[in-house]
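Chemist: Take this structure, written in structure tokens, and hold onto it; I'll ask about it next.
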Amino acid sequence: MLQSVRTFSGFGFRPCLHHHHPCTKAAATTSSSSAISLGFFMEQTSLPPFSSLKLKHSQQAQLIFQASQDPVSLSNDELPVRGLSEVIVGVLGGGQLGRMLCQAASQMAIKVIVLDPQENCPASSLSYHHMVGSFDDSATVEEFAKRCGVLTVEIEHVDVATLEKLEKQGVDCQPKASTIRIIQDKYLQKVHFSQNGIPLPEFMQIDDLEGAKKVGELFGYPLMIKSRRLAYDGRGNAVAKTENELPSAVDALGGFSRGLYAEKWAPFVKELAVIVARERNNSISCYPVVETIHRDNICHIVKAPANVKWKIRERAAEVACRAVRSLEGAGVFAVELFLTDDGQILLNEVAPRPHNSGHHTIESCYTSQFEQHLRAVVGLPLGDSSLKTLAAIMYNILGEEEGELGFRLAHQLIRRALIVPGASVHWYDKPEMRKQRKMGHITIVGNSLGNIESDLATIVEGKRLDDKSAVTPRVGIIMGSDSDLPVMKSAAEFLEMFDVPHEVRIVSAHRTPELMFSYASSAHERGIQVIIAGAGGAAHLPGMVAALTPLPVVGVPVRASTLDGIDSLLSIVQVYLCLNYILPTFLCSSLFLFYAF
């Protein structure tokens, strides 16, 4: 292992001579990228590895700065490291989100530098450069910004006044400073979304105990008391079950001087989340809706996709996209939502960055949230945000004990995870173990939530998962593209009328043949009893699925721009003639054709 902990004069950069972690899936990628970076560095200097390193690194940083400000002023041969773009992405914060941004960047040939006060922060060993300093200090942020082509965040608790000043000077900040200002004050965030017509729990600012009591009388109890600033991972929330508990709830948050507001209790049955990516041209890409399960106010488990009705998913995605459209700037945004017992979708809060609820996307989606964030901030087209696996579950590795005992327990968990097919481990390389601290996460992908929940139970060895048993879907509704949704959602609505458990999936026979094969061949093992398949476009999906499953398959012709859907109907009938299913399928298809059209 090779690691440098030197800080260089002038601007405090650390060289990126990585040490590797066998528990991280990206170790192989990191290893190769490390060898390239080190080899190129050695090639550019005729000196021994660390002699006069201080001078050489200072010169390289100046070259980076000049290149980012005026790309044509230097030839490619003079650039210290070649990448997809000469724009250096600067990240305020070097925690686990910054670390995973660096991992994604290394696969995209994008250079990322981070600003973080901790010398051995999680991102330090993977970043192109690490500037040691506070992201809440104006002078430090201004100096850091000189070395970036675009500035972004992995934590919203930064010096927003400095970001606004930098934007006026022409610095490219993504998302915009105005968005960070709104988001970092949760009360202002509520006001903003309320003014933009986003459904929220009722809320009100409280400045003293008498005001809090009046709000309690208005909203009722239990009453949620929240800090306006510096609140995350359950910190900054306190519940007053009665009026007598108001003083203790306020004291737990540091008193009224810290800035507090009250929120009416939301009787939710599930917590949902949606990752939404926004391009520089304001186009939006929405990831599948997920369910988040919290323990002690900290995200514990994430399930993708959320096991809720189709209409709920549609409504959640619509609320999330509306919320993000009301903000400014490019990047990935995480929208946390409540699903109430009467079916309402209420916005809880928004994060202007990658988020814990999107970690599963590294393994489960075609484009991870980290790659997507980088694509958005540097101006690349957004990637495909759809699932490439049928189901995924993310489990946070939280500190169970302090110090060495905590590390041993975490490593035991990791060893169990590494023998489970479909499981991937991400270790954040934090130097200090504390109770409830996020130290890493495990993602499991598979053919069904039921199967991977069993795998997770094996990994955690009986630890409480704080989860309700999932309902096994009996009907699978599939289609080749979301353009078929206007027709196929009618089938979902019909099943919901009779409370028939079902699932809706995008499974293309052409774009994702492996996913189609996996879905069709495993459906009967997962408890599916009938598959309803949309025949749009080339119209091969129902027949191909029927050839792979013992289950009955109902083909639904989808009206196309040509032949008015007749080609789809004929395709279904002809395929099923070969399979001796012509009569029942034709009848079912005709019924659904009549219902859909």
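Computed from the coordinates by the stated procedures, all read-outs in this text should not be read as laboratory data. Quick caveat: nothing in here was measured; it's all calculated off a predicted structure. Counting neighbours? That spans all protein chains shown, and the Cβs are built from the backbone with ideal geometry, glycine included.
Chemist: Excluding Ala273 itself, what net charge comes from residues whose Cβ is under 11 Å from its Cβ, given Lys and Arg +1 and Asp and Glu -1? Working shown, then result.
Modeler: Numbers: positive: Lys270, Lys303; negative: Glu271, Glu291, Glu336, Glu349.
Result for the local shell: -2.
Chemist: Can you sort Thr242, Thr361 so the residue with the fewest Cβ neighbours within 10 Å comes first? Provide the component values of the computation, followed by the final result.
Modeler: Values: Thr242 10, Thr361 28.
Lowest to highest Cβ neighbour count: Thr242, Thr361.
Chemist: Under 9 Å from the Cβ of Gly331, count the other residues' Cβ atoms, weight Lys and Arg +1, Asp and Glu -1, and hand me the total. Mind showing how you got there, number by number?
Modeler: Details: positive: Arg278, Arg353; negative: none.
Net charge in that neighbourhood comes out at +2.
Chemist: How much space per residue, in cubic angstrom, does the convex hull of the C-alpha atoms of region 202-264 take up?
Modeler: Details: hull volume 4.3 nm³, N = 63.
Taking the convex hull of the Cα positions in region 202-264, it is 68 Å³ per residue.
Chemist: Less than 14 Å Cβ to Cβ from Glu245, Lys/Arg counted +1 and Asp/Glu -1: what total charge do the surrounding residues give? Walk me through the intermediate numbers first.
Modeler: Details: positive: Lys213, Lys241; negative: Glu243, Asp251.
Charge balance in the 14 Å sphere: 0.
Chemist: Calculate the FRET efficiency for Asn244 and Met204 from the Cβ-Cβ distance with a Förster distance of 25 Å, rounded to the nearest 0.05.
Modeler: Details: r = 20 Å, r/R0 = 0.79.
With R0 = 25 Å, the Cβ-Cβ based efficiency is 0.80.
Chemist: Assign one of three labels to region 374-481, namely rounded, prolate or oblate, based on the Cα gyration tensor with a ≥ b ≥ c the square roots of its eigenvalues; rounded applies when a/c is under 1.5, prolate when it is not and a/b is larger than b/c, and oblate otherwise. Mind showing how you got there, number by number?
Modeler: On the way: a/c = 2.60, a/b = 1.31, b/c = 1.98.
Judged from the Cα gyration tensor, region 374-481 comes out oblate (a/c at least 1.5, b/c at or above a/b).
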